[in-house]
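I have placed the structure first, in the form of structure tokens, so that the comments after it can refer back to it.
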Amino acid sequence: HNAACRALGLDYAYLAFDIQPDQLEDAVKGFKALNVRGWNVSMPYKTTIGQYLDHITPIAKMCGAINTVINDNGVLTGTITDGTGYMTALKDQGIDIIGKKMTIVGAGGAATAIVMQAALDGVKEISIFNIKDASWDRALENVEKINLQTQCKAQLFDLADLDKLKEEIANSYIFTNATGMGMKPLEGKTYIPDKSFLRPDLIVSDVVYYPRETELLRMAKEVGCKTMNGLGMMLFQGAAAFKMWTGEDMPIEYMKEKLDIK
Ligand code: NAD
């Protein structure tokens with residue numbers, strides 16, 4: 001954000017603040033008193049800041065999470081830009097998933113933002129796989145919300161059912177990892193047992209951006225798939241917030257150069 005502001009000659013500063021859970025309300029009041037134009041929120045506050053804001057956008061309500069707050073002269077609006085960030089990153093790579101089927105692994109913050117935005121944008125069908133951990137209930141909720149509130153058809157499967165995973169990927173246009181699989185401490189790992197799960201005309205994307213090439217993306221490239229890592233999602237979620245705060249388009253090509261994104 002600072003690099004983009006400097007490039008455009010905008011007089012803003014983007015700063016990081018480390019706060020404790022019992023300071024959240026005061027932090028929001030402080031930003032409001034200082035007329036800060038807006039801010040991002042990271043975990044654990046993405047799910048708790050809503051109670052201190054005036055408005056929450058429909059997408060943030062669907063996701064149950066907020067990553068961006070906009071302050072319009074004391075009126076605070078919370079939204080989430082992770083999902084649009086992901087969808088814009090795909091478009092930027094010339095990938096169009098509207099009207100098509102997606103298989104995705106994950107039901108945490110990143111996955112929820114992606115599936116909700118994808119469903120609202122017009123993806124036809126989403127098959128969600130998750131392990132039976134604490135996120136399972138959220139996965140169930142996500143499927144229910146998508147089926148009730150959008151035209152998209154969503155289904156949930158246990159990631160332990162690898163035959164089903166293979167079948168769903170085979171019927172999909174895009175396969176997405178939206179878990180931390182492939183990054184530390186799971187670097188070099190994937191839940192895809194072998195390359196027979198992939199095919200050259202499948203798009204494979206990963207929300208992980210460090211490392212830039214996860215084991216999943218490495219396998220996918222070997223098969224000949226078009227791949228996308230998580231850097232684009234990160235860039236475009238920021239660009240969406242930047243536009244809401246400053247009214248200006250983030251200088252994307254300049255930012256790609258800075259971040260060494262192809
Ligand atoms: P989260 O903790 O909210 O969700 C984690 C998900 O991973 C859950 O669905 C969980 O069931 C699943 N999971 C955990 N261990 C697993 C395993 N061993 N095998 C399979 N699934 C497993 O996390 P999050 O905030 O959604 O973040 C997930 C990943 O997305 C992280 O790597 C994070 O860095 C990345 N992320 C990227 C961006 C971006 O802009 N590119 C944005 C947000 C998050």
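Descriptive notes on the structure:
- In the range 229-262, the qualifying residues are those that are charged (D, E, K, R) and part of a helix (DSSP H, G or I), and the one that is surrounded by the most Cβ atoms within 10 Å (Cβ to Cβ) is Lys256.
- Residue tally, condition more than 16 Å from the chain's Cα centre (by Cα), under 20 Å from Asp82 (Cβ atoms) and of a type in the set (Asp, Glu), over the range 120-136: 0
- For the range 204-228, the candidate set comprises residues that are within 8 Å of the ligand (Cβ to nearest atom) and under 23 Å from Ala170 (Cα atoms); within that set, the residue that is surrounded by the fewest Cβ atoms within 10 Å (Cβ to Cβ) is Val208.
- Matching entry among Leu140, Leu162 (being within 13 Å of the ligand (Cβ to nearest atom), in contact with a Pro (Cβ under 7 Å, 6 or more places away or on another chain) and modelled with pLDDT of 95 or more): Leu162
- Count of the range 107-137 residues, restricted to those that are surrounded by fewer than 24 Cβ atoms within 10 Å (Cβ to Cβ), of a type in the set (Gly, Ala, Ser) and more than 9 Å from the ligand (Cβ to nearest atom), is 2.
- Positions within the range 91-109 being part of a loop (DSSP other than H, G, I, E, B) and either farther than 16 Å from Gly232 by Cβ or at pLDDT below 95 (or both), in sequence order: Ile98, Gly99, Lys100, Gly106, Ala107, Gly108
- Residue within the range 177-186 that is away from the ligand (no atom under 14 Å from the Cβ) and touching a helix residue (DSSP H, G or I) at 6+ places or on another chain (Cβ under 7 Å) present: no
The values are calculated or read from the model by the stated rules, or taken from the named source; none is laboratory data. Bear in mind the structure is a predicted one, so any value in this text is a computation, not a measurement. Positions of Cβ are backbone-derived with ideal geometry, glycine not excepted, and every protein chain shown enters the neighbour counts.
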